[in-house]
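Please read the structure below before turning to the comments.
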Amino acid sequence: MGAGPGDPELLTIKALRALESADVVVHDRLTPKAILDLANPKASLIDVGKRKSRHTLPQDDINALLVALALDGKRVVRLKGGDPFVFGRGGEELQTLRAAGIRAHVIPGVTAAFAAAASAGAPLTHRGLAQAVTFVTGHAAKDAEPDLDWASLGRGNQTLVVYMGVSTAPSIAARLIEAGRAASTPVLITENASLADERRMVTTLGELGPTVEGLEGPAILIIGEVAALADTAPVIITETEVLRGVS
């Protein structure tokens, strides 16, 4: 199940119902407490979160845990940040469950790219600026550079969204510029998308490396002309909007 980017109000109704009826919630490290608090009060909460180079549980152990809990007759929610099928390894876990003969359902979530674009008012596609959008990961196995089609990604008239790309941002920028993307191409960096401490910055490919230095929270990069449309001002919610349920 996708937990979305962090704002509890971006959960789907189906996701909320699943949380409320769960016996066990197996969740990632970055799942906000506000979302975990929506779970069945009697449910067991198990943190299997990963962070760079340090895992609470290796992936094989997570797979085995899900199988064991399900075979024990539990109603299990595997809660993953964003959408489980967008760089979330949800497919691997689903295959494991199917191989064990366990019935499983997938509940999609709002992925970070959508939350970051919506918050900043920077559409991922826009007539005259971007006729396509591509999602890539900036993180590869063993901290290697991601194996991507740089020649294709270097073409204009498209938006490139990079997940987990802060640590490799300098090399990503260099590769794209080498492939033909202008160093002046706008880049929107969104840290902690949808959360109260969300921070947005607009820079260029040529300045991307120095700009991301010091970022600590999870961040997403939106590269392309649409990034110039982003509003980098902090989001201020008025009391009237709160009463209306706007966030």
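The values are calculated or read from the model by the stated rules, or taken from the named source; none is laboratory data. The structure displayed is predicted, hence computed values, not measured ones. Reconstructed Cβ throughout: ideal geometry from the backbone, glycine too, with neighbour counts over all protein chains shown.
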- [ ] Would you point out which residue out of Gly138, Gly121, Gly91, Gly109 is at pLDDT below 95 and either under 24 Å from Gly4 (Cβ atoms) or in contact with a strand residue (DSSP E or B) (Cβ under 8 Å, 6 or more places away or on another chain) (or both)?
- [x] Gly138
Open item on the list: Take residues that are of a type in the set (A, V, I, L, M, F, W, C) and buried (at least 21 other Cβ atoms within 10 Å of the Cβ) and tell me which of the helices (runs of 4 or more DSSP H) falling wholly in segment 74-193 contain 3 or more.
Closed with: 112-120, 169-178
TODO: Read through the list (1) over 23 Å from Glu216 (Cβ atoms); (2) assigned to a loop (DSSP other than H, G, I, E, B); (3) at pLDDT 95 or above; (4) not small (Gly, Ala, Ser), then give the number of the only condition that Leu57 fails.
DONE: (3)
Task: Residues that are under 24 Å from the mean Cα position of the chain (by Cα), β-branched (Val, Ile, Thr) and modelled with pLDDT under 75, drawn from segment 219-247 - done: Val235, Ile236, Ile237, Val246
